[in-house]
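Here's the structure, in structure tokens; my notes come after.
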Amino acid sequence: MARSLFREVTGDELIEVSRVRLNHPYNFAEPPYPAIHWELVDLLHHSRFPFARHDACDKWGFQAISLENFFRLIEPETVAEPGHLSVLTVAKVVAYALEVAEATAESMASGRSPPRGEQILAEINRLQHASMEAYPELSPWRQFYVAVHHPVVRYAVNNALMNRWGAESFPAAAPGKKASGHPGGNDEAERDSGLL
């Protein structure tokens, strides 16, 4: 009988995930205009993607993913393989990818209105290409795109970006306010929205 790759994330793993530091109280619920607020731990708890029990990041005790250790811990060729990364490492990769997006958004906003999600991604893409010749291994923007090859990281980052910064078709809701729906849109268009 074939063994299933799926396993439930344990309570201890969820406690460890809840300790992963994020720079903003992101909402990881499905955009646009979610009626609920999901923490990263909620999204990972509901994920059906197989996680490893332990990986190199866990073994070596890294507290966070950073510019310096990213490629020591995350292999571009295997980042999206089922069962390759632990749930705790995926949480740390999400946190790092959102740090890159946050820093990029801050640099874009100098004196202007806040950028939208797709503008942030376009700038990350531009910076990734501009940095490839000079220092490809130490490019946070390249690391961002390697990170989002993992389907759970991509889903988490997409939801966080959409809910925080919005997109052209779905402006961000005012802080602390839940939008009542997409103006002029339909439910199917809302479900199919995404940046990545």
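Coordinate-derived values only; no laboratory data. Quick caveat, the model's predicted, so the values are computed rather than measured. Cβ placement follows ideal geometry from the backbone for every residue including glycine, while neighbour counts extend to all protein chains displayed.
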Could you list the trypsin sites (Lys or Arg not before Pro) in region 49-155 that lie in coil according to DSSP, counting only those with at most 15 other Cβ atoms within 10 Å of their Cβ? Arg53, Arg112
Which cross-chain or sequence-distant (5 or more) residues have an amide H under 5 Å from the amide H of Gly166, H modelled 1.01 Å from N in plane? Gly117, Ala172
Could you compute the net charge surrounding Pro151? Neighbours are other residues with a C-beta less than 14 Å from the C-beta of Pro151; K and R count +1, D and E count -1. +1
Under a Cβ-Cβ cut-off of 12 Å, what is the net charge of the residues other than Arg116 that fall near it, where Lys and Arg count +1 and Asp and Glu count -1? -1
Nonlocal amide H pairs with Ala52, under 5 Å, H built at 1.01 Å: Gly83, His84, Leu85, Ser86, Val87
If you count, for each residue, the other Cβ atoms within 10 Å and average over each peptide, how do 43-51, 63-71 line up from highest to lowest? 43-51, 63-71
